[in-house]
Amino acid sequence: MTTNKLAIIGGSGLYDVEEFKERDLIEINTPWGRPSDQILKTNYKNKEVYFLPRHGRGHSISPSNINFRANIDALKQLGVTDIVSVSAVGSLKENLPPGKFVIVDQFIDRTFARTKTFFEDEIVAHVSMAHPTSNGLMNACEEAIKKSNIDYQRNGTYVVMEGPQFSTLAESNLYRSWKADVIGMTNMPEAKLAREAEIRYASVSMVTDFDCWHPDHENVDVQQVIKVLLGNAEKAKVMIKNLIDNFENHIDPNDPANNCLDVAIITSPEKRTQKTKDKLKTIAGRVLNK
């Protein structure tokens, strides 16, 4: 029987959950290098939970320089089965003001400077990303947000831009014409890699600004964003504690992430070297060692 373990990946403004009193900071290595920072292991209400600050504590890692593969591999090594990403985003719609949360269900990946797969040498795999977030985990997030009395929207499309610069006005208006809801810099390739690792994934976006399309936010600046970030982070910490309580009640045995590698690897077994299988042992050992 699988033991379900939850990890939170914290974005801008969310570098720790101080309420977690039982604290063990774990140093971990992966074939892809080191993750963004030490991973916090805690036991909260008799549940083993992990927390990883995506940009590092103190926010020293730019979006394009995040070692997404190391982050996901490290969490998989620790037995994580479910990841909830908490991210700061800009809003592309009038009805999503600063302070509102969005439970994202779709992405448009506009990044171009990042390695987006674990399967880059010898072994080729094609996982489905039609539904990139896990419905059961989204249900858990929604229940936790409701219990926290946070204003939110269920479902939304997140445009992932390269950054670290904010959008031009033309780009912002283009994304609005696509009917996207929010824009940020970090959920890709994170969501793709989580799927390759057969980890269920959900994304909760915390709106900090209206992006530059809005006349009141033409010049989005960091100070303005930080002010909202701090308030959002406090709300997120309440949500996280409620999420730990309920996420196991919503696990879907038919989630597409559960066994997606069974039908994803196309490379013939005789072409798979032991060196590459060893590199992928955490991510794909379940299927490569059959």
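The values are calculated or read from the model by the stated rules, or taken from the named source; none is laboratory data. All values derive from a computational prediction rather than experimental measurement. For neighbour counting, all protein chains shown are included, and Cβ atoms are generated from backbone atoms with ideal geometry for every residue, glycine included.
If you go through the range 188-198 and keep only what is within 11 Å of the chain's Cα centre (by Cα) and within 11 Å of ASN71 (Cβ to Cβ), you end up with PRO189, GLU190, LEU193, ALA194. Considering the range 15-59, the residues that are farther than 18 Å from ALA233 by Cα and hydroxyl-bearing (Ser, Thr, Tyr) include one that is surrounded by the most Cβ atoms within 10 Å (Cβ to Cβ), namely SER36. Out of everything in the range 85-126 that is closer than 24 Å to SER148 by Cβ and polar (S, T, N, Q), what residue ends up being surrounded by the fewest Cβ atoms within 10 Å (Cβ to Cβ)? Out of the qualifying residues, it is ASN95.
Please determine whether any residue of the range 229-237 is polar (S, T, N, Q), buried (at least 18 other Cβ atoms within 10 Å of the Cβ) and outside any loop (DSSP other than H, G, I, E, B).
Taking the range 229-237 and keeping what is polar (S, T, N, Q), we get 232.
Applying the additional criterion that residues be buried (at least 18 other Cβ atoms within 10 Å of the Cβ) yields 232.
Next cut, outside any loop (DSSP other than H, G, I, E, B) only: 232.
Yes, the range 229-237 has at least one match.
Just one of the numbered conditions (1) in contact with a strand residue (DSSP E or B) (Cβ under 9 Å, 6 or more places away or on another chain); (2) farther than 23 Å from ALA130 by Cβ; (3) not small (Gly, Ala, Ser) is not true of ILE251: (2). Among the residues of the range 158-173, those identified as under 10 Å from ILE183 (Cβ atoms), in contact with a Phe, Trp or Tyr (Cβ under 8 Å, 6 or more places away or on another chain) and either modelled with pLDDT of 95 or more or not in a loop (DSSP other than H, G, I, E, B) (or both) are TYR158, VAL159, VAL160, SER172. On the given criteria, is ASP209 under 20 Å from ALA130 (Cα atoms) and either modelled with pLDDT under 95 or of a type outside the set (Val, Ile, Thr) (or both)? Answer is no for this residue. Scanning the range 134-157 for residues that are assigned to a strand (DSSP E or B) and within 25 Å of VAL222 (Cα to Cα) yields a total of 3.
You will find that of ILE83, ILE28, ILE66, the residue that is of a type in the set (A, V, I, L, M), over 22 Å from ALA202 (Cα atoms) and in contact (Cβ under 8 Å) with a residue 12 or more places away in the chain is ILE28 and no other. Scanning the range 70-84 for any residue that is more than 30 Å from ASP278 (Cα to Cα), buried (at least 20 other Cβ atoms within 10 Å of the Cβ) and not small (Gly, Ala, Ser) turns up nothing.
From the list ASN259, ASN246, exactly one residue is over 18 Å from the mean Cα position of the chain (by Cα), surrounded by 13 or more Cβ atoms within 10 Å (Cβ to Cβ), within 23 Å of ASN71 (Cα to Cα) and polar (S, T, N, Q). Which is it?
Details: ASN246 fails: within 23 Å of ASN71 (Cα to Cα).
Exactly one residue qualifies, and that residue is ASN259.
If you check THR267, THR282, THR276 for being of a type outside the set (A, V, I, L, M, F, W, C) and either under 20 Å from ASN139 (Cβ atoms) or assigned to a loop (DSSP other than H, G, I, E, B) (or both), only one passes: THR267. Listed by first and then second residue, the pairs linking a residue in the range 252-281 that is without any contact (Cβ under 8 Å) to a residue 40 or more places away in the chain to a residue that is aliphatic (A, V, I, L, M) and surrounded by 14 or more Cβ atoms within 10 Å (Cβ to Cβ), with Cβ atoms under 6 Å apart and 6 or more places separating them unless they lie on different chains, form an empty list. Of all residues in the range 1-50, those satisfying the criterion of being assigned to a loop (DSSP other than H, G, I, E, B), out of contact with any Lys or Arg (no Cβ under 7 Å at 6 or more places or on another chain) and hydroxyl-bearing (Ser, Thr, Tyr) are THR2, THR3, SER12.
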